[in-house]
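Below is one structure, written out as structure tokens; the observations come after it.
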Amino acid sequence: MSLWPAETQEMAKKLIGRYPDPKSAVMPLLYLAMRQDGYLTEAGMREVASWTGHTPAQVQSVATFYGMFKTERLGDYLVSVCTSISCMLLGGDEVLDAVEDETGVPHGETDAEGLFSVEHVECLGACGGAPAMQVNYELVEGSTPDQARSLCRWLREERPEAVNTDAMQEQFGGRRSFDWAITEDNSAVGPYPAFGPYGTLRRGDT
Amino acid sequence: MTENGSRIASPADLSARREQLIAEDVGIRRILVCSTGCLAIGAREVEAAFREGVAAADLQGEVQVVATGCHGLCAMAPVVVIEPNDVVYGRNRIKYVPDVIEQTVKSGEIIRRFCFGRDPEMAHLGDIPFYAHQTKAVLRNVGRVDPQQIDDAIQRGVYEAAGQVLTSMEPDEVVEEIIASGLRGRGGGGFPAGLKWKICKESPGSTTYLICNADEGDPGAFMDRALLEGDPHSVLEGMIIAAYALEAAKGFIYVRAEYPIAVEHIRIAIEQAHERGLLGPDILGSNFSLDIEVREGAGAFVCGEETAMIASLEGERGMARPKPPYPALRGYLGQPTIINNVETFANVPVIIGQGGVKFAESGTEGSKGTKIFALAGQVNNTGLVEVPMGATIREIVFDVGGGLPKKREFKAVQMGGPSGGCVPASYLDLPIDYDSLREVGAIMGSGGMIVMDETTCIVDIARYFISFCAEESCGLCAPCRFGTVRLKEILDRICGGRGTIDDLNDLERLAEVVQKTSLCGLGQTAPNPVLSTLRHFRDEYLAHVADRTCPAGVCTALLPEKEVATAAKEG
């Protein structure tokens with residue numbers, strides 16, 4: 001018996017149907033489970049195992065291999081600061097310091113309140129706008145440490161339900177790698193990457 | 001005539017659609033206002049003023065005001081580009097708008113005082129050094145099309161090469177064309193793409209799979225992101241052509257989950273291509289069918305290595321597997337599988353469009369065509385730069401990149417990410433291609449170029465890259481799992497002021513062991529940044545261990561106390 005609601009089960013079937021072998025769908029299903037429970041719970045990983053034909057231990061081994069599968073509950077806002085080479089040369093470490101100081105959360109941790117999780121990450125492919133950071137995987141480029149502080153303060157005070165690249169960039173960003181002048185609004189509503197098929201809401205859906 | 005949104009039944013239908021789209025657009029000119037870096041200096045107000053001005057002059061039917069991406073000319077912000085001739089004006093102010101509309105938009109006159117350096121020779125986008133030194137082939141549509149509109153792509157001729165291939169070429173002929181072009185894999189390996197396809201075609205198996213490697217993880221590289229976000233249809237077109245040549249019926253795009261916009265754009269592109277009959281069954285009436293799935297990674301750098309990517313796609317931990325057998329022989333689910341990088345696929349329609357032999361005329365002896373470099377770090381114009389293979393580092397960093405900020409001294413450029421090396425100033429005039437870079441201890445890699453000035457400590461950079469590899473090692477083989485950590489410890493010691501001369505020898509010896517005995521590319525190339533810096537910047541290492549100083553003033557443990565205090569204050 002599946003623990004998932006009918007809608008999530010439908011999605012699971014659809015995702016599995018995309019591959020010649022159900023085992024191949026383990027990563028998409030892990031994203032689905034993460035969206036379902038907020039993070040990867042043991043029950044969620046067992047559920048993925050039952051759908052894919054892996055053992056629960058195999059699923060856990062996959063889940064813990066990849067940095068973006070989170071097996072602990074995160075804050076509402078996951079702030080990921082790039083400290084990779086291009087950002088390091090242009091002040092990424094200072095941005096991380098500012099974020100840690102403003103939120104009171106050292107990298108790799110979540111505050112008691114469940115508001116912020118902070119992490120430092122490898123290259124976000126935004127070197128043209130270094131230093132770069134993401135909030136719930138929505139990109140903000142070219143921020144000074146002060147702008148990063150303001151961004152954190154804004155998150156704490158406004159508690160936006162959804163965050164989106166364009167809006168954050170305009171308020172708290174600087175130089176940007178590229179901008180496609182897209183009219184459609186996309187926003188992330190939780191500390192997960194905003195992919196349509198895994199049940200993550202985009203602003204257009206709400 | 002093809003209706004908007006309907007299925008395109010044949011290449012002739014595709015051409016008709018393209019002509020129709022071009023006809024609909026005749027007379028529409030655009031005013032492109034940079035909406036990125038220029039925002040801070042009033043671009044939004046300038047954009048609004050242009051909108052008002054266009055309305056006041058009653059030009060709405062002919063002129064559109066569009067906010068666009070960065071033109072790479074931030075020093076002249078806010079920048080405005082006016083079609084059809086791409087007249088470019090810098091330092092725009094609201095009060096200039098009426099003159100620009102009256103004289104340039106309406107009458108096509110150049111206003112000298114708004115030109116760069118008030119120089120009418122610089123009146124057009126193509127005259128500006130950042131553009132004049134580039135050859136936009138693979139990037140030809142990026143920034144020019146709305147990536148969410150397939151019609152924009154069709155209007156620019158995307159899918160025409162696919163139409164030509166599907167209806168007038170045999171699969172083997174396509175492979176021969178790619179072989180003739182001399183195209184080498186753009187992901188870093190540089191293996192001849194056509195040869196790889198040929199090996200795959202000759203491999204036994206019931207199904208052939210095609211994988212687009214969009215797991216761009218090299219620190220400093222972002223060209224794949226730009227292609228997927230900015231021109232996803234050209235990547236799909238390359239995959240369609242490859243799938244036809246290889247007789248594959250299923251393709252995957254394995255893309256980093258850290259790139260949500262790339263994921264979104266490629267998904268939209270696939271959906272729209274399906275609606276138009278450019279993917280799915282019977283593409284362009286050719287009987288050839290192809291489905292493409294997008295697969296998001298989850299933050300593991302090693303999955304960019306092809307055998308690790310296959311393991312990941314199969315639902316395993318992303319750990320490398322011994323080669324041979326190469327994926328072309330036994331890949332996804334044990335079947336012949338071709339994995340090519342995004343930029344490699346994006347080159348394919350260019351090759352078909354002009355012919356392999358013609359393509360091979362550009363570039364150098366062993367490296368054909370153009371290469372997209374991601375220019376980052378301490379350089380004035382960061383961004384993507386596409387130049388023919390064989391361009392020199394000086395041309396890219398100084399002519400296109402505008403040199404270093406604050407007139408600082410060029411120290412080195414790190415090429416090829418964590419698998420590459422630091423190239424010092426003495427090689428500024430080195431023509432860059434796959435082979436020349438290897439000779440100086442770097443690699444082409446995916447094309448990341450990180451510029452460093454004299455305030456960068458080379459030992460610290462080597463330490464960064466080795467920490468990266470230690471962090472990202474999948475842990476399967478011992479040389480990589482332990483070796484990278486031990487290398488990092490030695491470098492930590494040197495940067496921490498506790499290094500000895502013996503450490504340098506140990507570094508060299510251990511680096512060679514890791515290089516020679518690791519299972520996959522990650523471990524085999526992880527020591528490159530250490531070895532290349534030891535080779536070109538040995539004096540700087542010696543300063544750290546023998547003189548106990550950090551010449552760049554970065555390693556705080558090696559600075560006199562006074563300087564530490566200053567550095568802390570400045571930082």
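Key figures for this structure:
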| quantity | calculated |
| --- | --- |
| Residues of the range B:195-231 that turn out to be touching a Gly at 6+ places or on another chain (Cβ under 9 Å) and without any contact (Cβ under 8 Å) to a residue 40 or more places away in the chain, as a count | 1 |
| Scope the range B:458-498; condition crowded, with 24+ Cβ neighbours inside 10 Å and farther than 23 Å from B:GLY416 by Cα; matching residues | B:ILE494 |
| Filter result for the condition that a residue is in a strand (DSSP E or B) and either more than 11 Å from chain B (Cβ to nearest Cβ) or on the phi > 0 side of the Ramachandran plot (or both), over A:VAL95, A:VAL81 | A:VAL81 |
| Residues being modelled with pLDDT under 95 and at positive phi - total across the range A:137-186 | 3 |
| Selected residue [modelled with pLDDT under 95 and within 11 Å of chain B (Cβ to nearest Cβ)] from A:GLY199, A:GLY129 | A:GLY129 |
| Meets criteria (in contact with a strand residue (DSSP E or B) (Cβ under 9 Å, 6 or more places away or on another chain) and assigned by TED's automatic domain parsing to the domain that holds B:PRO219) for B:VAL400 | no |
| Any hit, the range B:401-424, residues being touching a Lys or Arg at 6+ places or on another chain (Cβ under 8 Å), among the acidic types (Asp, Glu) and touching a residue at least 24 places away in the same chain (Cβ under 8 Å) | no |
| In the range A:112-126, residue nearest to A:CYS82 (Cα to Cα) [restricted to those that are more than 12 Å from chain B (Cβ to nearest Cβ) and touching a helix residue (DSSP H, G or I) at 6+ places or on another chain (Cβ under 7 Å)] | A:VAL118 |
| Counted residues, the range A:64-81 - those being more than 17 Å from A:PHE195 (Cβ to Cβ) and of a type outside the set (Asp, Glu) | 8 |
| Failed item, numbered, when B:GLY190 is tested on (1) under 26 Å from B:GLU386 (Cα atoms); (2) outside any loop (DSSP other than H, G, I, E, B); (3) in contact (Cβ under 8 Å) with a residue 40 or more places away in the chain | (2) |
| Helices (runs of 4 or more DSSP H) lying entirely in the range A:1-73 (those with 2 or more residues that are among the acidic types (Asp, Glu)) | A:6-17, A:42-52 |
| Condition broken by A:THR64, with the remaining ones in (1) more than 12 Å from every other protein chain (Cβ to nearest Cβ); (2) within 30 Å of A:ARG156 (Cα to Cα) satisfied | (1) |
| Whichever residue in the range B:292-318 is out of contact with any strand residue (DSSP E or B) (no Cβ under 6 Å at 6 or more places or on another chain) and more than 8 Å from every other protein chain (Cβ to nearest Cβ) and, among such residues, is farthest from B:GLY189 (Cα to Cα) | B:ALA311 |
| Test: residue in the range A:79-98 that is in contact (Cβ under 8 Å) with a residue 60 or more places away in the chain, closer than 18 Å to B:GLU296 by Cβ and either in the same structural domain as A:LEU155 (by TED's automatic domain parsing) or touching a Pro at 6+ places or on another chain (Cβ under 8 Å) (or both) | no |
| Of all residues in the range B:108-140 being of a type in the set (A, V, I, L, M, F, W, C) and assigned to a helix (DSSP H, G or I), the one that is farthest from B:GLY230 (Cα to Cα) | B:PHE114 |
| Subset of the range B:301-339 [buried (at least 24 other Cβ atoms within 10 Å of the Cβ), of a type in the set (Gly, Ala, Ser), over 12 Å from B:TYR209 (Cβ atoms) and under 27 Å from the mean Cα position of the chain (by Cα)] | B:GLY304, B:ALA308, B:SER312, B:GLY318, B:ALA320 |
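The values are calculated or read from the model by the stated rules, or taken from the named source; none is laboratory data. Just so you know, these numbers come straight off a predicted model, no measurement behind them. Note that each Cβ is placed from the backbone with ideal geometry, even for glycine, and that neighbours are counted across all protein chains shown.
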